[in-house]
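Novice: Could you have a look at this structure, given as structure tokens, before my questions?
The values are calculated or read from the model by the stated rules, or taken from the named source; none is laboratory data. Predicted model only: the values in this text are computed from it and were never measured. Because the Cβ atoms are built from the backbone with ideal geometry, glycine has one as well, and the counts that use them run over all protein chains shown.
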Amino acid sequence: MKTLEIKDLHVEVEGKEILRGVDLTVKENEVHALMGPNGNGKSTLLAAIMGNPKYTVTQGSITYDGKDILSLPVNERSVAGLFLAMQYPQEIPGVTNSDFLRAAINVRREEPISLFKFIKSMEQTINDLQMKEDLAHRFLNEGFSGGEKKRNEIVQMELLKPSLAMLDEIDSGLDVDALHIVADALNKLHEEDHMAMLVVSHYERFYQLIKPEYTHVLVNGKIVLEGDAELADRIDREGYDWIYKEYNVQPAAAEEVKKVSASIGTCAVRQAATTEETK
Amino acid sequence: MTPIHVTTDIQMPAGYSEYEINTDRDIEITFTAKEDSDVFVRILNTGKLKVRTFAPKGVHVNYLFWNLSENLLDVEEMHEVMGDANVTVAYGEINRADTTRNVHMALREEGATGLLSSASLVDCAKTYNMNVVNYAPHTYGDMKNYAVVLRNGRLMIDAVGKIIKGAYRSESHQTSRALSFAEGQNATILPELLIDEDDVQASHAMSMGRVDEDALYYLMSRGLSVQQCTSLISQGYLMPITETLQNDDLKKKLKEEMERKMDELC
């Protein structure tokens, strides 16, 4: 049984400590929701597991299937079964989706996949995710809309069949139809291949579709609260304030919240209204 | 495929032909076209090399010089393009040996069109001096140089487009692109336009950049090694140069050779 085990993880970005001792265990076939206010370390945790070079692990350990993940380069973490569906997938001009995916499939096999078999599975996946048929020949994410980029992450996931998928706000930028398509694809991988999931999302709607069994709340670089699906539901209804009070924690990056109030738009209006009310 | 071991004058047949240069001596080769033709020249080994080509009035010729030499290639070229002739000379430089190339292309008579294009994966020293000169009115000259510079690579391109006085309504253009993978890599491109006539069009475009760290991380996060990423990105960057060849056989040849060699070199 493949288990991801994180112990006392501390992570820095550009000299600033973002994660301050995270413990987390994700077993095969489990679905975990990772929640918490913006700027408190959710994406950092996923990026550190995947091995993004901008994130430095200063303390603690990550193992997967008994292997010390932190000693592996990024590509070997992927081959070990980890997959991160990114919040902002990169555009790579000049590299076609099909060349890229064939190479990525082949590093997982002893014999290269036959062209016929590859084309067949690519077509099937494009169909599953209801992408445009010319996807294979287009350059990787170049000129894709936000929603197409997100769906293309799932196309890659379906073809590479990871044993643990991490999803970083994969649902943002998807319309309702696309959200269902993506959730169906994820559930299929979960049911058929027992793929485990560690999911970051702000939206209860997405959680309702993929049904996490565990919820973790990350505040200011630490997991302050853990629970079942009901916890995600309560956060959706009540927000995070009750957690700050009950567990006596302060969220990081208060300055980010302030930024919102300075912008023009509905958020600024709502922010102004709440300020008025509190007066 | 015709082997070339000594100084040779070649009267090219119409259509597609292949040549392979393999010699220790200094040699001179002259290619004379009579009709439209497409020429693939593989360079395996040679001493100092001189190449002359001649395109008479009205013919269309594509040359692809594919460098497979394991030693320094020191080559001087002179391309003569007569009235209404159209000549493309393409270079594939995806080998692990230095190259010094001096090229002079003369657009001699009205309506002559000439294009020099190169794709280089630079892992050593590649130095190109390219001159395209418009000697007559209504002539069109162009240069396209694409390069990916690897860790030990040094690239130097001096590209001169010249329009002499009296060559009115002529055009001289050039495009250069270079991509590197790490800091401190060495690429110099000097685009020059020397224009002595008023009624002309001329342009040069250049871009130099480094591969985005985030792009590498993204590809690696799907299981590709650094070497595989380098090869994929380089292929994507250099492949558009194959479009400069107007002959499909040559285009295909260049694509295949590039894919094969780039995996080796990256």
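Novice: Can you list residue pairs whose Cβ atoms sit under 6 Å apart, with the first residue in segment A:122-141 being closer than 19 Å to A:GLN90 by Cβ and the second being of a type in the set (Phe, Trp, Tyr)? Count only pairs 6 or more apart in sequence or on different chains.
Specialist: Close Cβ pairs (under 6 Å, with a partner that is of a type in the set (Phe, Trp, Tyr)) amount to A:LEU140/A:PHE100.
Novice: Taking the criterion of being modelled with pLDDT of 95 or more and under 18 Å from A:ASN40 (Cβ atoms), would at least one residue in segment A:229-240 satisfy it? Lay out the reasoning, then the answer.
Specialist: Taking segment A:229-240 and keeping what is modelled with pLDDT of 95 or more, we get none.
The answer is no; no qualifying residue exists.
Novice: Does B:ALA147 satisfy the criteria of being in contact (Cβ under 8 Å) with a residue 40 or more places away in the chain, crowded, with 19+ Cβ neighbours inside 10 Å and in contact with a helix residue (DSSP H, G or I) (Cβ under 9 Å, 6 or more places away or on another chain)?
Specialist: For B:ALA147, the condition - in contact (Cβ under 8 Å) with a residue 40 or more places away in the chain, crowded, with 19+ Cβ neighbours inside 10 Å and in contact with a helix residue (DSSP H, G or I) (Cβ under 9 Å, 6 or more places away or on another chain) - is met.
Novice: Would you point out which residue out of B:ASP142, B:ASP158 is acidic (Asp, Glu), under 12 Å from the mean Cα position of the chain (by Cα) and at pLDDT 95 or above? Spell out how you get there, then give the answer.
Specialist: Working: B:ASP158 fails: under 12 Å from the mean Cα position of the chain (by Cα).
Only one candidate qualifies: B:ASP142.
Novice: Further question: Hey, any hits in segment B:192-208 for a residue that's within 14 Å of chain A (Cβ to nearest Cβ), touching a residue at least 12 places away in the same chain (Cβ under 8 Å) and surrounded by fewer than 21 Cβ atoms within 10 Å (Cβ to Cβ)?
Specialist: So far as segment B:192-208 goes, yes, one or more of its residues are within 14 Å of chain A (Cβ to nearest Cβ), touching a residue at least 12 places away in the same chain (Cβ under 8 Å) and surrounded by fewer than 21 Cβ atoms within 10 Å (Cβ to Cβ).
Novice: Evaluate the following for B:ALA202: is it in a strand (DSSP E or B), more than 30 Å from A:VAL74 (Cα to Cα), of a type in the set (A, V, I, L, M, F, W, C) and out of contact with any Phe, Trp or Tyr (no Cβ under 6 Å at 6 or more places or on another chain)?
Specialist: yes
Novice: Next up: Of all the residues that make up segment A:38-90, how many are part of a strand (DSSP E or B) and either within 14 Å of chain B (Cβ to nearest Cβ) or closer than 14 Å to A:HIS10 by Cβ (or both)?
Specialist: So the answer is 12.
Novice: Go through segment A:91-110 and give me each residue that's crowded, with 17+ Cβ neighbours inside 10 Å, part of a helix (DSSP H, G or I), more than 7 Å from chain B (Cβ to nearest Cβ) and not charged (D, E, K, R).
Specialist: A:ASN97, A:SER98, A:LEU101, A:ILE105
Novice: Determine which member of the set A:ASP184, A:ASP134, A:ASP168 is among the acidic types (Asp, Glu) and modelled with pLDDT under 95.
Specialist: That would be A:ASP134, the only listed residue that is among the acidic types (Asp, Glu) and modelled with pLDDT under 95.
Novice: Separate question: Restricting attention to segment B:165-180, does a residue exist that is within 30 Å of A:MET50 (Cα to Cα) and more than 14 Å from every other protein chain (Cβ to nearest Cβ)?
Specialist: Looking for residues that are within 30 Å of A:MET50 (Cα to Cα) and more than 14 Å from every other protein chain (Cβ to nearest Cβ), one finds at least one in segment B:165-180, hence yes.
Novice: Could you check segment A:123-162 and list, in sequence order, the residues that are crowded, with 17+ Cβ neighbours inside 10 Å, assigned to a loop (DSSP other than H, G, I, E, B) and either more than 13 Å from chain B (Cβ to nearest Cβ) or touching an Asp or Glu at 6+ places or on another chain (Cβ under 6 Å) (or both)?
Specialist: Of everything in segment A:123-162, those that are crowded, with 17+ Cβ neighbours inside 10 Å, assigned to a loop (DSSP other than H, G, I, E, B) and either more than 13 Å from chain B (Cβ to nearest Cβ) or touching an Asp or Glu at 6+ places or on another chain (Cβ under 6 Å) (or both) turn out to be A:LEU129, A:MET131, A:ASN141, A:PHE144.
Each row is one residue, and each column tells you yes or no for (1) touching a residue at least 40 places away in the same chain (Cβ under 8 Å); (2) outside any strand (DSSP E or B).
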residue: B:TYR128; (1), (2): no, no
residue: B:ALA136; (1), (2): yes, yes
residue: B:LEU155; (1), (2): no, no
residue: B:SER172; (1), (2): yes, no
residue: B:GLU183; (1), (2): no, yes
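Novice: Please count how many residues of segment B:12-23 are at pLDDT 95 or above and either more than 16 Å from B:ASN67 (Cα to Cα) or not charged (D, E, K, R) (or both).
Specialist: So the count comes out to 4.
Novice: Scan segment A:19-71 for residues that are more than 25 Å from A:LEU186 (Cα to Cα) and of a type in the set (A, V, I, L, M, F, W, C) and jot them down.
Specialist: Hits for segment A:19-71 are A:LEU19, A:VAL22, A:VAL57, A:LEU70.
Novice: Just checking, how many residues over segment B:212-234 are facing chain A (nearest Cβ under 7 Å), outside any helix (DSSP H, G or I) and surrounded by fewer than 21 Cβ atoms within 10 Å (Cβ to Cβ)?
Specialist: 1
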